[in-house]
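A.B. asks: The following block contains the structure, expressed as structure tokens.
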Amino acid sequence: MDFILLVDDSKVARMLISRGVAEAMPGLEIVEAVHAEDAIEKLTERGQAPKLTVIGYNMPGMTGLEFAGWMDTNWPGPPRFFARQTSRTASSSARRKLVCPSFPSPSRSRNSGRSSGSQPPKVMTLDSLHKDLLGEVFNLGAGRAAASLSELLGNDLEIGLSVPRTDVLTMTEMAELIQDGKDEEFCGVSLNHKGELSGDSFLVYTHKESMRLVQLLMGGGLGQEVGDRADFTDMHEDALLEVGNLVLNACLSSVANFLSLEFESDVPHLYSGDCMKIISNDGVFPVDQLVLYVQIAFSIEDEGLNGYMGLCLNMDAMASLETHLKHYIDTQLGA
């Protein structure tokens, strides 16, 4: 029997894409695999090439691109599409197409105003499916940020942004995860927002990675030595603010559009120093403040860099986010 192979480590992505594919191509069996190795095993068992393969771009173990290369070698011919692709430039190893589910009507987002500080929610009951769904939404926002950044720079750099992990952590847990035993200075961009996503968000890098990011974006070659904090210029700071503002607003707008929420964002601010000092807004947020942690993976040409996004919402905003997520899962995914 003819079948479609869907390979993605995200349960939400598989549910959404399966539904869309089933509507577009009724009558074909959809075979799901949770990662590339699982897909290879199922293809080996069937001994038959799929009519169509939809592949998750970011997967643990063998990546989507690597699996596409394996397919080119072992099962050449059937068309392949990438789901949740975040890079502007197509690879020569495979054709790519962004596969997006249908979302609710977009919200109206304005860019002014400042809210008061967030209050820590006492309970955040997001389960793995909610986090998975948020990861997909943040991935879409990161993809739009990558496209906007490429357009802004107007160069031929292959820029990719993706979200390999989403979780709920305390400030202390997030700081420990970001620092990972490193004794170095950090740099971060923070953004205050009010409305139905009232709170603060921030994007943090190690100083070394922030300098490398700016260097690459401003035309520095691969392998070029990275300077120290003293080499920071107003141009470097402006570039980090621009990237941070673009990424944070793109991710927030993606959540707002997906759940039909409204928010207003203030101008971004740049901070440097101790990691906990940056993410806690110099002590404004307590160490047990719950934060929605989002890892942002930057891919510029062949060089990978990591940024870390945090979203601190007040109690009303977090309650609203949980309610909307649960409603979407119940009504759209039937889970």
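A.B. asks: Only one residue in D282, D274 is without any contact (Cβ under 8 Å) to a residue 40 or more places away in the chain, under 23 Å from L177 (Cβ atoms), assigned by TED's automatic domain parsing to the domain that holds L197 and of a type in the set (D, E, K, R), so which one is that?
C.D. replies: D282 is the lone residue from the list that is without any contact (Cβ under 8 Å) to a residue 40 or more places away in the chain, under 23 Å from L177 (Cβ atoms), assigned by TED's automatic domain parsing to the domain that holds L197 and of a type in the set (D, E, K, R).
A.B. asks: Mind checking which residues of segment 294-315 are farther than 22 Å from L241 by Cβ and surrounded by 14 or more Cβ atoms within 10 Å (Cβ to Cβ)?
C.D. replies: E301, L313, N314, M315
A.B. asks: So in segment 316-333, with the set limited to residues that are among the charged types (D, E, K, R) and touching a residue at least 24 places away in the same chain (Cβ under 8 Å), which one is surrounded by the fewest Cβ atoms within 10 Å (Cβ to Cβ)?
C.D. replies: Filtering first and then ranking leaves D316.
A.B. asks: Those residues that are among the charged types (D, E, K, R) and assigned to a strand (DSSP E or B), I need them from segment 252-304; list them, please.
C.D. replies: Correct list: E264, E303.
A.B. asks: Restricting to segment 22-53, give me the number of residues that are under 16 Å from E136 (Cβ atoms) and among the hydrophobic types (A, V, I, L, M, F, W, C).
C.D. replies: So the answer is 1.
A.B. asks: Scan segment 289-302 and tell me whether some residue there is farther than 25 Å from G143 by Cα and modelled with pLDDT of 80 or more.
C.D. replies: Looking for residues that are farther than 25 Å from G143 by Cα and modelled with pLDDT of 80 or more, one finds at least one in segment 289-302, hence yes.
A.B. asks: Does P106 count as touching a Leu at 6+ places or on another chain (Cβ under 7 Å) and modelled with pLDDT under 90?
C.D. replies: When the stated conditions are applied, P106 does not pass them.
The values are calculated or read from the model by the stated rules, or taken from the named source; none is laboratory data. Because the structure is predicted, anything quoted here is derived from the model rather than measured. Glycine also receives a Cβ, built like all others from the backbone with ideal geometry; neighbour counts cover every protein chain displayed.
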